[in-house]
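The values are calculated or read from the model by the stated rules, or taken from the named source; none is laboratory data. In this text, all values refer to a predicted model and were calculated from it rather than measured experimentally. Counting neighbours? That spans all protein chains shown, and the Cβs are built from the backbone with ideal geometry, glycine included. Only protein heavy atoms, including side chains, enter the accessible area calculation; ligands, DNA and RNA are left aside. Shrake-Rupley method; radii C 1.70, N 1.55, O 1.52, S 1.80 Å.
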Amino acid sequence: MRKINADWHRANPMPKNPSPEQRIDWHLRHAVNCECRGIPAGILRLMQARGIPAPEGYDFSRK
Ligand SMILES: [Zn+2]
């Protein structure tokens, strides 16, 4: 079972109506602070389109 870092989530809410950059930033920080869920494929595509390297354990070619 994946562990949720509730303290981190309380301190780092996703902004309302986030821009793609805000979503990318949130998920990158989330990935290193919490294990409750992975980075969605849509976010990985946004990162790839911007030339941001895939985080540890992620692969842009994975569907
Ligand atoms: Zn989480």
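Numbers at a glance
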{"read-out": "All positions within the stretch 31-56 that are part of a loop (DSSP other than H, G, I, E, B), open to solvent by less than 60 Å² (accessible area, probe 1.4 Å) and within 16 Å of the ligand (Cβ to nearest atom)", "value": "C34, C36, G38, I39, P40, P55"}
{"read-out": "Hits in the stretch 15-30 (condition: open to solvent by 40 Å² or more (accessible area, probe 1.4 Å) and in a helix (DSSP H, G or I))", "value": "P20, E21, Q22, R23, D25, L28, R29"}
{"read-out": "Options N12, N5: the member that is near the ligand (Cβ under 10 Å from one of its atoms), in contact (Cβ under 8 Å) with a residue 12 or more places away in the chain and open to solvent by 50 Å² or more (accessible area, probe 1.4 Å)", "value": "N5"}
